[in-house]
Amino acid sequence: MISDKMNAALNEQINKEMYSAFLYMSMSSHSNGMGLKGFASWFMVQYHEEMFHAMKLYEYIHSQGGQVTLLPIAQPPAEFDSALDMFTKTLAHEQTVTQSINHLMDLAIEEKDHATRIFLQWYVTEQVEEEENDNEIIDQLRLIDGNPQGLMMLDRELGQRPANVPVDFSKGVAAGGEE
Ligand code: OFO
């Protein structure tokens, strides 16, 4: 069982995860337009990860007898200056998501809602990984400093990122494949 306040906060987090998915889909499209197919693929994998994050919340709310209310998703930006600009914005965005997860965790602790606290632990760990990945790519892009050959090499590398989250949620998150 979750409180109404926690239910509302988790609904808002679904919205944030879905906005993240929209943002990375937009970056994927922009990368395609720049001829960076590997970057486009990386961001599309990230899109799927974010939808998975949203669906885990969706399922958790149901498991606790709560109600999912879907909120409007804001329009993400469509134009970016460069690959570095996209990843700088990705990191900044993930930092706001981390703060949001931390606030949810604070609420779970305040409400002595141990089930939600344990559920949210997964997201805390996930955010560490997301920020680390973004920081690594930003470092590489800074080293490359706009050099086309370097950018092509990184593009090839990012294109190798596997999609390892479920994408079919019709039978639930756990039935959808590997995490
Ligand atoms: Fe859901 O981790 Fe990014 O936003």
Neighbours by Cβ (under 8 Å, 6+ apart or cross-chain): first from segment 80-103, closer than 18 Å to Leu151 by Cβ and open to solvent by 10 Å² or more (accessible area, probe 1.4 Å); second at pLDDT 95 or above and aromatic (Phe, Trp, Tyr) = Lys89/Phe80
task = Can you run down the residue pairs with Cβ atoms below 7 Å, 6 or more apart or on separate chains, where the first is in segment 38-49 and of a type in the set (Phe, Trp, Tyr) and the partner is assigned to a helix (DSSP H, G or I) and within 11 Å of the ligand (Cβ to nearest atom)?
result = Phe43/Tyr24; Tyr47/Ala21; Tyr47/Tyr24
query = Out of all the residues in segment 1-37, which are more than 23 Å from Glu59 (Cβ to Cβ) and free of Cβ contacts under 8 Å to residues at least 60 places away in the same chain?
reply = Ser26, Ser28, Ser29, His30, Ser31, Asn32, Gly33, Met34, Gly35
message = Quick test for you: out of Leu10, Leu70, pick the one residue that is under 24 Å from Val173 (Cα atoms), at pLDDT 95 or above and in a helix (DSSP H, G or I).
response = Leu10
note = Reported set for segment 135-156 where residues are open to solvent by less than 100 Å² (accessible area, probe 1.4 Å) and touching a residue at least 40 places away in the same chain (Cβ under 8 Å) is Asn135, Ile137, Ile138, Leu141, Gly146, Leu151, Leu154, Asp155
task = State whether the residues of segment 89-108 include one that is closer than 16 Å to Leu10 by Cα, part of a helix (DSSP H, G or I), out of contact with any helix residue (DSSP H, G or I) (no Cβ under 9 Å at 6 or more places or on another chain) and modelled with pLDDT of 95 or more.
result = yes
key: Any hit, segment 118-128, residues being at pLDDT 95 or above, closer than 23 Å to Ser82 by Cβ, within 15 Å of the ligand (Cβ to nearest atom) and exposed (fewer than 13 other Cβ atoms within 10 Å of the Cβ)   = no
ask   = In this structure, does Phe43 turn out to be open to solvent by 70 Å² or more (accessible area, probe 1.4 Å) and either outside any helix (DSSP H, G or I) or in contact with a helix residue (DSSP H, G or I) (Cβ under 9 Å, 6 or more places away or on another chain) (or both)?
value = no
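The values are calculated or read from the model by the stated rules, or taken from the named source; none is laboratory data. Values in this document were obtained by computation on a predicted structure and should not be read as measured data. Neighbour counts are summed over all protein chains in view; Cβ atoms, including those assigned to glycine, are modelled from backbone coordinates with ideal geometry. Only protein heavy atoms, including side chains, enter the accessible area calculation; ligands, DNA and RNA are left aside. Shrake-Rupley method; radii C 1.70, N 1.55, O 1.52, S 1.80 Å.
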